[in-house]
Each structure stands twice: as structure tokens, then as C-alpha cells.
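Here the structure is laid out as C-alpha cells; the discussion comes afterwards.
Since every read-out is calculated from the coordinates, none of them should be taken as a lab result. Please read these numbers as outputs of a predicted model, since none were measured by experiment. Here Cβ is always computed from backbone atoms with ideal geometry, including for glycine, and neighbour counts include all displayed protein chains.
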Amino acid sequence: MMEEKVVAVIEPQSAQGEEELQSQVTDIELRAGRLVVADDSQYEEAGEFGVLLKQKIAEVTEFFSPMKKAAHEAHKQICDREKLMLEPLKKAEKIVKKTMGDYAMRKEQERIAAEEAARKLAQEEADRKLQAAISAEEEGDEIAAEMAMLDAEIADRAARSVVIEDESPKAKGVSYQKDWQIVAISPGNVPVEVNGVVIRPVDEAAVLKLIRASKGTIKIPGVAYEEIAKMSFRR
């Protein structure tokens, strides 16, 4: 495939005109350095020179104006072509991020569910041991009651400390973090202020800031939100 290049083209007459103009500008700069105003006549001459300067500034601006306009149009066309090519890639990136994010969230939800199930089983075991201790004590078997109570305490501690290790999916060049997105807002139910932050009229950016600060635990009347996986790719 032939590589396409965009180059700036300067017509020969424009280049020649620029050289002549540059020569005039240099001469004017040198004249300004030699300027002396010691009497009224020299003051008047300096004023004429100042007018010449203003005219030359306008001439330089006018000289470069068509080139600037052409460069601007070329830049705009290039940006439009770039945007046209980037749009499908950005759409594809969004789709991939959502697909991967949904999977990562499912894995996290499964981990939380498994953790809760393990905690529930441990708590049920603690309750059984506690009931066995109560029954043994009622029957007068103090040793059995003491042993059962000890088992109940161990099971209770286990229930409160159940943690299933996070096994988030891994992929080279990919990272993600938990984030939240607003699903729906009922403006009429949203309070004026939450935790010292004024959010009325409803300021979604401020609402999201509150949600993120609370790690998704805050309850805001009139606002429904959900946890998502925020994906990012590295080159």
C-alpha cells in the first residue's frame, strides 16, 4: 500500500514574494534600531515611520492569510478523515470493554455469592454448636457443654471472617477497577443536599462523586445506580 503524505505546497511566486517581504521587514527592523528623536522634525519622521510599520504589519498579515486559510481547510479535512476512521475503532473498543467488563462483574458477583454461602454455612454450624452446648448444659453434661460452646465460638469467628480470594480475570495490557454508573434519576425525589454537597438542580457529576466516595454504599433518594467494571487498555 502506498503511504499517503500531506505536504504544504508553496507556489514559487509566493516564496519569492515572502523573500522580498522578509527583506523589507529586516530593513525596517534595522531602521528602528537606528531611530533617534531629538527634535520636532525627527519626532514627525518617527511618526511617519510608525505609520509605515503599521502598514507593513497589515501587509504581512494579508500576505500569509490565504496560506493560513488553505492550511486550516487542509487541517480540517484531515481531522474529518481521521474522525471517520477512528469512530468504528472507538465503537469497537466500547463493545470490547463492555463485554469484558460484564464478564469481570459476573466473576465478582459469583465470588461474593460463594463468600456469602460459605459464611452462611459457617454461621449455621455455629448455631448448631451453640444449640448443642445449650442442650448439653440442660442435661447436666458440663464438659460436653463447654466443648460445644468452644466449637460454637470457633465456628462463629469463622463465619465472620470468611473471605474468598479475589480471582479477577487477567489479560496482558488490560486493567479494570470498580466504578458506578447512574441508571435512573427521579429529579423530584432527589434532595437538595447530601453529605454537605448541594446536588440540586440534579448534578450527575456531583452525584457520581458521592457514590464513588462511598464505594457504592450511599443511598440517595430518587437516584438508582449500579456497579460496573471500568476497563482500560494499555499499548
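Helix 40-138 versus the longest principal axis of the chain: what angle, 0 to 90°, nearest 10, using Cα atoms?
0
Out of the GluC sites (Glu not before Pro) in region 114-210, which ones are loop residues according to DSSP with at most 16 other C-beta atoms within 10 Å? List each step's numbers first, then the result.
Numbers: sites: GLU115, GLU116, GLU124, GLU125, GLU137, GLU138, GLU139, GLU142, GLU146, GLU153, GLU165, GLU167, GLU193, GLU204; in loops: GLU139, GLU165, GLU167.
In loop regions of region 114-210 (DSSP not H, G, I, E or B), the sparsely surrounded GluC sites (Glu not before Pro) are GLU139, GLU165, GLU167.
Once the convex hull of the C-alpha atoms of region 127-167 is built, how many Å³ does it hold per residue, rounded to a whole number? Please list the in-between numbers first.
Details: hull volume 2.0 nm³, N = 41.
It is 48 Å³ per residue.
Per the Debye formula with a single identical scatterer at each Cα and no solvent contribution, what log10 I(q)/I(0) holds for region 174-233 at q = 0.16, 0.30 Å⁻¹?
-0.49, -1.36
Given an 8 Å cut-off on Cα distances and at least 6 residues of separation, report the relative contact order of region 174-233 as a percent.
Reported relative contact order: 59 percent.
What is the calculated FRET efficiency for GLU62 to VAL174, with r their C-beta to C-beta distance and R₀ = 35 Å, to the nearest 0.05? Could you put the intermediate results ahead of the total?
On the way: r = 54 Å, r/R0 = 1.54.
FRET efficiency, GLU62 to VAL174: 0.05.
In percent, what relative contact order does region 101-160 have, based on Cα pairs under 8 Å that are 6 or more apart in sequence? Mind dumping the intermediate values first?
On the way: 47 pairs, mean separation 23.7, N = 60.
Result for region 101-160 is 39 percent.
Given 10 Å bins starting at zero, what is the percent of C-alpha pairs of the chain in each, up to the one with the largest pair distance?
P(r) for the chain, in whole percents per bin: 6, 13, 13, 14, 12, 12, 11, 7, 4, 4, 3, 1, 0.
Of the candidates LYS54, LYS107, LYS120, which one comes out as most mobile in a Gaussian network treatment of the chain with C-alpha springs shorter than 10 Å?
In the Gaussian network model the winner is LYS54.
List the relative contact order of the chain as a percent without decimals, with contacts defined as Cα pairs under 8 Å and 6+ residues apart.
Working: 173 pairs, mean separation 41.6, N = 235.
RCO, the chain: 18 percent.
Using a 10 angstrom cutoff on alpha carbons, build the Gaussian network for the chain and name the most mobile of ILE164, ILE182, ILE57.
The residue that fluctuates most here is ILE57.
Assign one of three labels to region 12-87, namely rounded, prolate or oblate, based on the Cα gyration tensor with a ≥ b ≥ c the square roots of its eigenvalues; rounded applies when a/c is under 1.5, prolate when it is not and a/b is larger than b/c, and oblate otherwise. Numbers along the way, then the final one.
Working: a/c = 4.52, a/b = 3.10, b/c = 1.46.
It is prolate, given that a/c is not under 1.5 and a/b is the larger ratio.
Diagonalise the Cα gyration tensor of region 101-160 and give the resulting equivalent ellipsoid semi-axes, square root of 5 times each eigenvalue, largest first, whole Å.
Working: eigenvalues 261, 12, 4 Å².
They are 36, 8, 4 Å, listed largest first.
Name the long-range amide H neighbours of ILE228: under 5 Å, sequence gap of 5 or more, or other chain; modelled H, no Pro or chain starts.
ASP179, TRP180, GLN181
Identify which of MET100, MET85, MET67 has the largest mean-square fluctuation in a Gaussian network model of the chain, with springs joining Cα atoms closer than 10 Å.
It is MET67.
Convert 20 °C to kelvin, take the viscosity as 1.002 mPa s, use the Kirkwood radius over C-alpha pairs of region 147-194 as Rh, and evaluate the Stokes-Einstein diffusion coefficient in µm²/s, rounded to a whole number.
On the way: Rh = 16.6 Å.
Value of D from the Cα-based Kirkwood radius: 129 µm²/s.
Please give the direction-averaged projected area of the C-alpha convex hull for region 123-235, in square nanometres with one decimal. Intermediate results must be reported in sequence, preceding the final value.
Numbers: hull surface 49.6 nm².
For region 123-235, the mean projected area of the Cα convex hull comes to 12.4 nm².
Helix 142-160 against the longest principal axis of the chain: what's the angle in degrees, Cα atoms only, rounded to the nearest 10?
The two axes meet at around 20 degrees.
Under a plain spin-label model, where a point goes 7 Å from the Cα along Cα-to-Cβ, how far apart in nm are ARG81 and VAL197?
About 4.5 nm separates the two model spin labels.
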